[in-house]
Each structure stands twice: as C-alpha cells, then as structure tokens.
Amino acid sequence: DTAVSQTPKYLVTQMGNDKSIKCEQNLGHDTMYWYKQDSKKFLKIMFSYNNKELIINETVPNRFSPKSPDKAHLNLHINSLELGDSAVYFCASSLRGGRGGYTFGSGTRLTVV
Amino acid sequence: DQQVKQNSPSLSVQEGRISILNCDYTNSMFDYFLWYKKYPAEGPTFLISISSIKDKNEDGRFTVFLNKSAKHLSLHIVPSQPGDSAVYFCAAPAIIQGAQKLVFGQGTRLTINP
C-alpha cells in the first residue's frame, strides 16, 4: 500500500544511453513532481504536473522529458545520459496548492558511468 | 538563488537532550514553512509545519519556532531519541511560473548519541 512508488530504486547505466524512471501515487493527489538531489544534497524541483498538465518546468535540459499518462502517474525519460545526471531523483505528489505538504517516493539513485 | 538555507550540515546531540535545528530564509512572502525528515535510502517525510501568522507550533516532542523579523525558524526536538537520527530539511512554498513549488534547504544531518 505504498503511497508514492518509483521504480527502479537503483539505476546504473553508461553515458549516452536513454533511461526511464516511473512513478505512481495512490493518494488521489492531482499534482505530481520530480525533484533532483544533487551531490551537494540540495533538493531542487525539475517538473510539476497538475492533472496531466505541465505547470512547472524548471530550467531542465530538454534531454529530460516527463510524461503523465494520467494524474496518478508521472514518468521521467532521460535521453543521452551524461555523467552530471548522476543524482537521486525523487517523485512526489500533493493536492493542488500543496498546502498539506508533499508525499515523496523513496527515490531512484541514478549513476551514469 | 537559495531562498531557504540551513547553514549547519550536521549536528550531534546526546540522547535525552534537546536538538535544535536552524533554518534561515530570504523571501518574506512565504506564508508557511515545513520540516521534513529523511532516513537513508528513503524519501523525505513530512514532520511539522507552521503558518507565517504563528510563532510556534508544537506536536509532541517536536516544536517549530518562527521569528519573522529575523527570517529564521528552528525545530526543537526534546527529548532526543536515537530514532531521530536523520537528515532534516526545512522547506517553504515559492511561486514560480504561476504555480507553487516547495523550495528546500540543504539539510542538516542529526545524529543522536546513546
């Protein structure tokens, strides 16, 4: 009965590959997010979707393409992976406005070699 | 442009004593603040929040204090327990591109020593 689940938990891949991370929430939330935690441990927003519509795109290279087939899913596809993409990626969800706080998934540790 | 800052990367406290985690912010328009707790290999989990119209919010062993004039908030944990060992993030809602996003500090790693 995981609230926000993301897969895979770990992902090791070579430079230049294309990979996807999946996220699903069963909380009935209508807004979903992708955050990146870099090597300095900052949590920074990448994208936000509300009811399948992109509402925030925070200066992320266009190699990163989120896709939301429905409001319970927000997947992240990354093309032509680079060493600097290595990080932990967190999916989160909230009600619109986020007043009740965000619920985070357990993260996907991506390592590009 | 880091709107929320946690200047102490780590803190070590003896079990049973008080833990005080600090957070500073720059945007006086924030209307509430949140604290999240994160264990290794897990996502952040919501801990406690405070509205900007209050100066204190208490939930069991956890109390958050807000000093708006100083743009400073702190999380007090008393008494500290070994299970409190984790990374703590403060966060606040910023408006970007017409939508809300949570901005986070860089976290403070709290270690409770037996």
Index of the failed condition, A:ILE55 passing every other in (1) open to solvent by 50 Å² or more (accessible area, probe 1.4 Å); (2) touching a Gly at 6+ places or on another chain (Cβ under 8 Å); (3) not in a loop (DSSP other than H, G, I, E, B):
(1)
Considering B:SER51, B:SER8, B:SER69, which residue is among the small types (Gly, Ala, Ser) and touching a residue at least 40 places away in the same chain (Cβ under 8 Å)?
B:SER8
Any residue at all in the range B:18-25 that's touching a Lys or Arg at 6+ places or on another chain (Cβ under 9 Å) and at pLDDT below 95?
no
Pair list, Cβ under 7 Å, 6 or more apart: the range A:39-53 residue more than 7 Å from every other protein chain (Cβ to nearest Cβ), other residue modelled with pLDDT of 85 or more and open to solvent by 80 Å² or more (accessible area, probe 1.4 Å):
A:ASN51/A:LYS71; A:LYS52/A:LYS71
The range B:8-39: number of residues that are assigned to a loop (DSSP other than H, G, I, E, B) and either facing chain A (nearest Cβ under 10 Å) or hydrophobic (A, V, I, L, M, F, W, C) (or both)
6
When the residues of the range B:12-43 are narrowed to those that are of a type in the set (A, V, I, L, M, F, W, C) and open to solvent by 50 Å² or more (accessible area, probe 1.4 Å), which ends up farthest from A:LYS36 (Cα to Cα)?
B:ILE18
Quick one: which residue in A:PRO61, A:PRO69 is without any contact (Cβ under 8 Å) to a residue 60 or more places away in the chain, open to solvent by 20 Å² or more (accessible area, probe 1.4 Å) and in a strand (DSSP E or B)?
A:PRO69
Per the filter on the range A:54-99, residues polar (S, T, N, Q) and either closer than 23 Å to B:GLU42 by Cα or away from chain B (no Cβ under 14 Å) (or both) are A:ASN62, A:SER65, A:SER68, A:ASN75, A:ASN79, A:SER80, A:SER86, A:SER93, A:SER94
Selected residue (only one of B:PHE30, B:PHE46, B:PHE62 is farther than 20 Å from B:GLN106 by Cβ and hydrophobic (A, V, I, L, M, F, W, C))
B:PHE62
Residue that is surrounded by the most Cβ atoms within 10 Å (Cβ to Cβ) [pool: residues in the range A:4-20 that are within 13 Å of chain B (Cβ to nearest Cβ) and assigned to a strand (DSSP E or B)]:
A:GLN6
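The values are calculated or read from the model by the stated rules, or taken from the named source; none is laboratory data. These numbers come from a predicted model, not from an experiment. Neighbour counts are summed over all protein chains in view; Cβ atoms, including those assigned to glycine, are modelled from backbone coordinates with ideal geometry. Only protein heavy atoms, including side chains, enter the accessible area calculation; ligands, DNA and RNA are left aside. Shrake-Rupley method; radii C 1.70, N 1.55, O 1.52, S 1.80 Å.
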